[in-house]
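Worksheet for the structure shown next.
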């Protein structure tokens, strides 16, 4: 089964396009956890156990594990292995480099971690992403317009009356095939999302920026026009409670978000 | 001592602006090595021992270690620890993400690995790089114009008669301070390097693309106009010989390169 088919499948079974972002830091863990690196494994594991029947997948943010060195990297691997295989496992790694280097990154993400999807940065162009597209069963999410303030610096500059992010989408949407080429599009830009859905109506979008970053969920879903999309929420779900009930609170938050999202789409 | 001061210092002591890129893959190791992951540690260690008095530093390419998972990641850490502290340790990781995520990447690179410098991708803008610049003693090399064919796709597109890479350099050169803000500029573009040296005469440049990628060393040095620069060579040095003499051969290749480079500059 390809990652795209897995997405369609789990979306229907779990009735959810919500993906939970796992961005753990020791300092933010519920108070019941010991302040040691291994606690982030048990924290994430409990969140997964509590939500695996009500989400479409998990996005593991590599930085939050790499900050703990080898110990964190090993936990990242254990979490990839722990997530049930019918759920999407997205490697949020923002990689890209020259061809032979990207090939090594793709081996790490797809062969070692067994991720279904990866986020990549388009700045270095075609040959920096093609080693990822060579894995035809996966989904490669190219950064288009990101949710952070710095998206103004370069992504929105105009090239012949077109912003750079639009130029990136138009040029890169055929680098893989339709079902393994997706885009990251921040929920903080609903007007631009409306435009991108006219250009790429069928591309899978990974949409972060709801919650802690302030994106408007309703405006986003309206602009998305029922295109295939994965809404990612990280901090707003995993830190729903700092008490013992943190996993249950995360699940309740997911159910609330599903309810809002599903009243608009699916 | 800041990374910039370390560079000036070691350049003078070792009479070299050459940096050796460590991009090891099992398949390419000299035949005397067993085909096991740990061999890449001993291979890189021997290269370092043979060249540490004739180079300015080492660039460790994270992808080549990450392709071996936790085992490779641990070797990466051991190599960072093994390199003598008077040499530049460049983390070639091409990272960048939203602010709180980049902060975690910066912790990984600078606090855990103790790198002196890092390569970062500018596509996500200011707040994606500022957590790296917060480490004022380090050098942050922002991708400007890379050495690969895909640099044509976006880096060279024109914005009001200026290519994107130039716009990136002009806008980001003040994000840190002069001595902790560098740029990656591929040796495959000597004409553009000539232009960039007019805009950023004093910025430290990390220049890959000599050797396996075909960059012309003399044209590059001429265009660089004696600005502060680190010339990186990877495969062309570390795979100089596939025999038992691989470390000696790598050192000889470095001496040859130093001789060519130093006849032009220093």
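Remark: A:31, A:140, A:260 ranked as A:31, A:260, A:140, counting other beta-carbon atoms within 10 Å and listing the fewest first. Approximating the spin labels as points 7 Å out from Cα along Cα→Cβ, the residue B:136-to-residue A:255 distance works out to 5.1 nm. Working from Cα pairs under 8 Å separated by at least six residues, relative contact order for chain B is 22 percent. For peptide B:125-132, the mean count of partner chain Cβ atoms within 10 Å of a residue's Cβ comes to 4. Where a ≥ b ≥ c are the square roots of the eigenvalues of the C-alpha gyration tensor, would you call the stretch B:1-95 rounded, which needs a/c under 1.5, or, failing that, prolate if a/b is larger than b/c, or oblate? Taking the square roots of the gyration eigenvalues as a ≥ b ≥ c, the stretch B:1-95 is prolate. Sorted shortest first, the distances from the residue B:241 label point to those of the same residue in the other copies are 6.7 nm; each point sits 7 Å from Cα along Cα-to-Cβ. Taking A:153, A:236, A:121 as the candidate residues, the one with maximal mean-square fluctuation in a Gaussian network model of chain A, Cα springs under 10 Å, is A:153. Counted by neighbouring Cβ atoms within 10 Å, the residues A:35, B:253, A:235, B:95 run from fewest to most as A:35, A:235, B:253, B:95.
Among B:94, B:28, B:136, the order by Cβ neighbours within 10 angstrom, fewest to most, reads B:136, B:28, B:94. Annotation for residue A:202, label-to-label distances across the other copies: 5.6 nm (shortest first, one decimal, point 7 Å from Cα along Cα→Cβ).
Rounded if a/c is under 1.5, else prolate if a/b beats b/c, else oblate: with a ≥ b ≥ c from the C-alpha gyration tensor eigenvalues square-rooted, which is the stretch A:129-263? Prolate, since a/c reaches 1.5 and a/b exceeds b/c. The other copies place their residue A:216 label points at 5.5 nm from this one, listed shortest first, where each point is 7 Å from Cα along Cα→Cβ. Using a 10 angstrom cutoff on alpha carbons, build the Gaussian network for chain A and name the most mobile of A:247, A:219, A:187. Judging by the Gaussian network model, the answer is A:219. Relative intensity of chain B on a log10 scale, I(q)/I(0) at q = 0.14, 0.16, 0.17 Å⁻¹, equals -0.95, -1.25, -1.40, per a Debye sum over C-alpha point scatterers of equal strength in the absence of solvent. Prolate is the label for the protein assembly as shown, because a/c, from the alpha-carbon gyration tensor with a ≥ b ≥ c as root eigenvalues, is 1.5 or above and a/b exceeds b/c. Between residue B:236 and residue A:263, the simple spin-label model (points 7 angstrom out along Cα→Cβ) gives 6.3 nm. The helix-based estimate of mean residue ellipticity at 222 nm for the protein assembly as shown, built from -39,500 (n - 2.57) per DSSP H run of four or more residues and divided by its residue count, is -12000 deg cm²/dmol to the nearest 500.
Taken together, the values in this text are just the output of simple stated rules run on the coordinates, not laboratory data. Predicted model only: the values in this text are computed from it and were never measured. Cβ atoms come from the backbone with ideal geometry, glycine included; neighbour counts cover every protein chain shown.
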